[in-house]
Amino acid sequence: MSLANLAHLHLLLNHFPTIGFGIALGLFFVSLAGKSDDLKRASLVIFLVIALLAIPLYMSGKAAEQAIAGRPGVSETLMETHQDAALLAFVFMEITGLIAWLALWQFRRFSHPARWNLSAVLVLSIVTFGLMARAANIGGEIRHPEITSEGTVDSDTEWLKSASIASFINTTAWAWPAIETLHFIGLSLLLGVAFVVNLRVLGVVKNVSFAAFHRMLPWGVLGFGVNLATGVLFFITVPEQYTQNIALHLKMVLILLAGVNVLYFTVFDEPWALGPGDDAPLKAKIIAASTLVLWIGVIYFGRMMPFIGGSF
Amino acid sequence: MMDFLSGLEQSGFATWVRESNSLFAYPSVLFLHTVGMGFVAGISALIDLRILGCAPEVPLSDMRRVLPYMWAGFWLNAATGIVLFTVDATTKAVSPVFYVKMAFIAMAVVVAWLIKSQVLRDGLLNKRPIDSNGKILAFVSILCWMGAITAGRLLAYIGPGVVSSGGK
């Protein structure tokens, strides 16, 4: 995709996290006050979906920056401040998303989440909402001087700085190989869990209930979390080799689709109801098979990044 | 020996894999090697985690049923690994990291065989808890695959013939 299209994508997605988390938080308050498990689960799903959408939002920001850098009235410092504020908000948002997923899993596993979990989601989502609104506000100032208050100082005072992370990884010999190794270990864990759990749905280990295999899902999500963190570190270190890489864009599309499939297996009753010996309905089998294809596709486009698009 | 290795390296097939611009050459071999890694290390890790107590409702006798898929990943990687070796046989053969990787894989295979024969073949498998021997084997298996993955990645950075800076 061209820089202009990616900048468009950034502008399209950039209101979702703040507004989405606002809506989910409102719903979450109502569900806690009304003690409604269904509403709790609904708000957790929104937190999770918004956290997934924030991944392409964060990554398209670099392209949006490149698309307008050097234009009159565009401050490089302001863009850097926005980028660092966004990184901080993004980190909190992904942690919130992972814990929200864990709560959804616990709803299945124990029929209610652990007590610490919902409190953690509440605190983290409020903090994330504030951080995200702040990042969005700084981002808005880049092209909307009318919202800038009088006397705003143009300096990057963020404490989590992308440039410092990048320079640390660039100047530390072992850092990049170590991050790559973790990315490969996370990949193995994720693929292993996806394969074994979906094998049950497809009917290979049919005499065991789906609920029994469901307990393995957190290990797969752990693998995903490791790969999200290490993947973002790659991106921060050498963004120019990723922003316009078509293989990475396709990889991201497949990851989001696979994320929807993971929601199906966490939230829907259909796979959960599979007892020992039960044959899964055709829909569940199609989703299981597509999950495997999607993750193998993710590995394909990840591996092809240096070869397709040729930006390495 | 070096003559043989350089013969391998200069063979038509190895030259094609190394030098062709086709996505079906080197990139596809690397991709298959990565998928195979995910299958062998990932499925092995799940069996090990199950032995260590994760997902206790899944009977261990049923975990045996996923073993063939783990070995499918292993053989896919043995095949693609041989291709990747021939592509630069003379440098890989003198790289210490390569032998470290092979040693980890050999250990992992021995441990997988021990787990199959000592843990998964137990007639009372689902009736009694796993003994500490089984748990140690499972733990060592996880370490071996992590070691193999780490050494495999470091092949791009350490030793003779390193020309690029890996993924950067």
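The values are calculated or read from the model by the stated rules, or taken from the named source; none is laboratory data. These numbers were taken from a predicted model, which means no experiment stands behind them. FYI the Cβ positions are ideal-geometry reconstructions off the backbone, even for glycines, and counts take in every protein chain you see.
Key figures for this structure:
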{"item": "Which numbered condition B:A41 fails, given (1) under 17 Å from B:V83 (Cβ atoms); (2) in contact with a Phe, Trp or Tyr (Cβ under 6 Å, 6 or more places away or on another chain)", "result": "(1)"}
{"item": "Unmet requirement for B:E57, which otherwise passes all of (1) within 30 Å of A:V298 (Cβ to Cβ); (2) assigned to a helix (DSSP H, G or I); (3) of a type in the set (D, E, K, R)", "result": "(2)"}
{"item": "Looking only at segment B:41-55, and only at residues there that are at the interface with another protein chain (Cβ under 8 Å from one of its Cβ atoms) and aliphatic (A, V, I, L, M), the one that is surrounded by the most Cβ atoms within 10 Å (Cβ to Cβ)", "result": "B:A41"}
{"item": "Any chance A:F265 is within 14 Å of chain B (Cβ to nearest Cβ), in contact (Cβ under 8 Å) with a residue 40 or more places away in the chain and buried (at least 20 other Cβ atoms within 10 Å of the Cβ)", "result": "no"}
{"item": "Scope segment A:231-257; condition farther than 23 Å from A:Q66 by Cα and surrounded by fewer than 21 Cβ atoms within 10 Å (Cβ to Cβ); matching residues", "result": "A:L254, A:L256, A:L257"}
{"item": "Matching entry among B:K101, B:K92 (being out of contact with any His (no Cβ under 7 Å at 6 or more places or on another chain), at pLDDT below 95 and closer than 12 Å to B:G152 by Cβ)", "result": "B:K92"}
{"item": "Single residue of segment B:56-99 satisfying the filter (in contact (Cβ under 8 Å) with a residue 40 or more places away in the chain and under 30 Å from B:R128 (Cβ atoms)) that is nearest to the other protein chains (Cβ to nearest Cβ)", "result": "B:P59"}
{"item": "Qualifying residue in segment B:148-168 (condition: within 14 Å of chain A (Cβ to nearest Cβ) and within 29 Å of B:P56 (Cβ to Cβ))", "result": "yes"}
{"item": "For A:T96: the one exception among (1) more than 28 Å from A:L160 (Cα to Cα); (2) among the β-branched types (V, I, T); (3) under 13 Å from the mean Cα position of the chain (by Cα)", "result": "(1)"}
{"item": "Qualifying residue in segment A:205-224 (condition: away from chain B (no Cβ under 11 Å) and either not in a helix (DSSP H, G or I) or not aliphatic (A, V, I, L, M) (or both))", "result": "yes"}
{"item": "Residue within segment B:110-131 that is surrounded by fewer than 19 Cβ atoms within 10 Å (Cβ to Cβ), within 27 Å of B:E57 (Cα to Cα) and hydroxyl-bearing (S, T, Y) present", "result": "yes"}
{"item": "Some residue of segment A:83-94 being modelled with pLDDT of 95 or more and surrounded by fewer than 18 Cβ atoms within 10 Å (Cβ to Cβ)", "result": "yes"}
{"item": "Some residue of segment B:125-142 being over 20 Å from the mean Cα position of the chain (by Cα) and within 17 Å of B:V66 (Cα to Cα)", "result": "yes"}
{"item": "Matching entry among A:A64, A:A51 (being assigned by TED's automatic domain parsing to the domain that holds A:G139, modelled with pLDDT of 95 or more and assigned to a helix (DSSP H, G or I))", "result": "A:A51"}
{"item": "Flag for A:L199 being in a helix (DSSP H, G or I) and farther than 21 Å from A:I286 by Cα", "result": "no"}
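Every residue, every condition in (1) at the interface with another protein chain (Cβ under 8 Å from one of its Cβ atoms); (2) in contact with a Gly (Cβ under 6 Å, 6 or more places away or on another chain), yes or no:
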{"residue": "A:L102", "(1), (2)": "no, no"}
{"residue": "A:Q106", "(1), (2)": "no, no"}
{"residue": "A:V123", "(1), (2)": "no, no"}
{"residue": "A:M132", "(1), (2)": "no, no"}
{"residue": "A:A135", "(1), (2)": "no, no"}
{"residue": "A:E158", "(1), (2)": "no, no"}
{"residue": "A:F168", "(1), (2)": "no, no"}
{"residue": "A:P177", "(1), (2)": "yes, no"}
{"residue": "A:L187", "(1), (2)": "yes, yes"}
